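Structure first, then comments.
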Amino acid sequence: MQNIIIGGQNGVKVIMDAAMGNRHGMISGATGTGKTITLQILAEGYSRLGVPVFLADIKGDLSGITVPGQPHDKISERIKQIGLEDFQHRGNPAVFWDIFAKTGHPLRTTISDMGPLLLSNLLELNDTQSGVLYSCFKIADEQGLLLLDLKDLRAMLTWMGTEAKALQVEYGNITSASLGAIQRKLLVLEEQGAANFFGEPEIQLDDFCKTDFSGNGVISILDATELTTKSPRLYATFLLWLLAELFETLPEVGDADCPKLVLFFDEAHLLFDQAPKVLVDKIEQIVRLIRSKGVGVYFISQSPLDIPEDILGQLGLKIQHALRAFTPKDQQVVRSVAATFRSNPIIDTEEALQNLKTGEALVSVLNKDGSPSPVERILIRPPESQIGPVTAQQREEMMRRSPFNGRYEQLLDRESAYELLKQKAEQQPLVQPAQRPASRAGTGQSVGEALLKSAARSIGSSIGRQIIRGVLGSLLGGRR
């Protein structure tokens, strides 16, 4: 049996069966109670079992997982208290990623791959504006126009404004107010650094599913320190996109000894804050179904109540660090959290939640039959890798030795909606203002319709049928 020792106390070890790793989990607790260390020991535990890991590094201190830890009296004492027998200081294979391409390989996807549902949430559009965005994607799809980056999307929206009257019959009222609002929000998004995220070459999801020559799972570390400060909504949207893409891409695997991939989403409340119900419902659906693809999802937040109830109920592993209860509202949270655990007659869960020391936690794992184990109060095992970040020089050296060095760094800008719309517009003869209302092609097409159909032919119908996802897909997007 493959398993991960989470910790222990008084001769009792809490061990998670890796076969239950795709049943998801939660790490929660107040700031400074040890959540990051718990994330670190789970990630390195999975890596040792050959399971690739993707994690978001919010505070910038998880890069130390790549190098061996150093001996320390407190670590030695903790090892003895838990009764660990095979502990050794060692690092883990890892690859660094960064949407801003400063401290890791760049991460990109295209506007088409993101799809209108997630993009509407990212831009915080109202229902009317979202409807216009959906129309934009549908028009681009039908006319074979690639939406790869932000300038493609802006070009489409600008063209829709000039041709709003011609488009009204088929796509409804497309007002200049809605188009202007979307354009303004795109400018704000660009200022937040989103231009780095949308474009090509786009990330190949298989690059998150690698093992090294020794069979250890490679840990993909997203540097999210600047991202969560500068654009927390972009951070959340990226994680949701990744989840949806994995669900649509990976094959069914059924029950296995270990997950195929494990994801750790820190600051998990950002995924759900202000998200519309339709999006939360689809996230809940993906979380429920993705375990059949061999993917485990672990949410990290200050309170389990940050997670929607329907999703929280699907989480098998629960690791709860201390909660602070200074107000009546805090006390209610403590009672609610205590009620999520299967009771243990020798532990007062409510009291323990408020008295846990740093590095202590209440833990419940899934038994082999899928039932939750009674809650245990334990010491979290120390990580075998370094606690705290590596130096900038160490990171740079690992970047140079990365198998992906040079694969994503050079931005591609192939012909897409922006170039084609610009090209076709320049080819149109000048039209006098008085002539414009009567200007029709001989086939009954408007100038704009002729422009789009000509653009579609220039791209090729075989590509045009493949360019859009997120419009008719079963969840957040349809596969190409």
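Every number in this text was worked out from the coordinates using simple rules, so none of it is lab data. All values derive from a computational prediction rather than experimental measurement. A quick note on method: Cβ atoms are made from the backbone with ideal geometry, for glycine too, and the neighbour counts reach across all protein chains shown.
The angle separating the long axis of helix 111-123 from the principal Cα axis of greatest extent in the chain is about 70 degrees. Cross-link pairs exceeding 27 Å between alpha carbons, from the set LYS35/LYS80; LYS282/LYS329; LYS59/LYS210; LYS102/LYS277: LYS282/LYS329; LYS102/LYS277. Placing unit charges on the Cβ atoms of the charged side chains and taking the dipole of the chain about its Cα centre, the candidate lying farthest along the positive direction among LEU270, PHE54, GLN183 is GLN183. Computed extension gain for ASP413 through SER371, at 0.36 nm per residue and net of the alpha carbon distance, reaches 10.0 nm. Peptides 269-280, 240-251 ranked from most to least packed, by the mean per-residue count of other Cβ atoms within 10 Å: 240-251, 269-280.
Averaging over all projection directions, find the projected area of the Cα convex hull of the chain and quote it in nm² with one decimal place.
Mean orientational projected area (the chain, Cα hull): 25.2 nm².
Listed peptides 293-300, 174-181 appear in the order 293-300, 174-181 once ranked by packing, highest mean of other Cβ atoms within 10 Å at the front.
To the nearest 500 deg cm²/dmol, what mean residue ellipticity at 222 nm is calculated for the chain from DSSP H runs of n ≥ 4 alone, each contributing -39,500 (n - 2.57), summed and divided by the residues?
Working: 18 runs with 191 residues, N = 480.
Only helices count here, giving -12000 deg cm²/dmol.
Listed by chain and number, the lysines placed with their C-alpha closer than 19 angstrom to that of LYS165 are LYS138, LYS453; residues fewer than eight positions away on the same chain are left out. The distance separating the Cα centre of region 137-208 from that of region 234-291 comes to 25 Å. Around the Cα centre of region 169-221, unit charges on the Cβ atoms of Lys, Arg, Asp and Glu (plus for the first two, minus for the last two) sum to a dipole of about 260 debye. The C-alpha atoms of the chain define a longest principal axis, and helix 35-48 lies at about 90 degrees to it.
Starting from region 332-413, pick out the trypsin sites (Lys or Arg not before Pro) whose DSSP state is loop and whose Cβ has at most 10 other Cβ atoms within 10 Å. Could the numbers behind the result be given before it?
Values: sites: ARG335, ARG342, LYS357, LYS368, ARG377, ARG395, ARG400, ARG401, ARG407; in loops: ARG342, LYS357, LYS368, ARG401, ARG407.
Filter output for region 332-413: LYS368, ARG401.
What's the angle, to the nearest 10 degrees (0 to 90), between helix 277-289's Cα axis and the longest principal axis of the chain? Relative to the chain, helix 277-289 is tipped by roughly 50 degrees. Please label the shape of region 205-305 as rounded, prolate or oblate, based on the square roots a ≥ b ≥ c of the eigenvalues of the alpha-carbon gyration tensor (a/c under 1.5 means rounded; beyond that, a/b larger than b/c means prolate, else oblate). Oblate shape, in that a/c is at least 1.5 and b/c is the bigger or equal ratio. Within region 233-382, DSSP assigns beta bridges of which about 60% are antiparallel (rounded to the nearest 5). Taken about its Cα centre, the chain carries a charge dipole of about 520 debye when Lys and Arg each add +1 at the Cβ and Asp and Glu each add -1 at the Cβ. Pull up the DSSP beta bridges for the chain and report the antiparallel fraction as a percent, rounded to 5. In the chain, DSSP labels about 40 percent of beta bridges as antiparallel.
Relative contact order of the chain, please, whole-number percent, based on alpha carbon pairs below 8 angstrom and at least 6 residues apart.
That works out to 31 percent.
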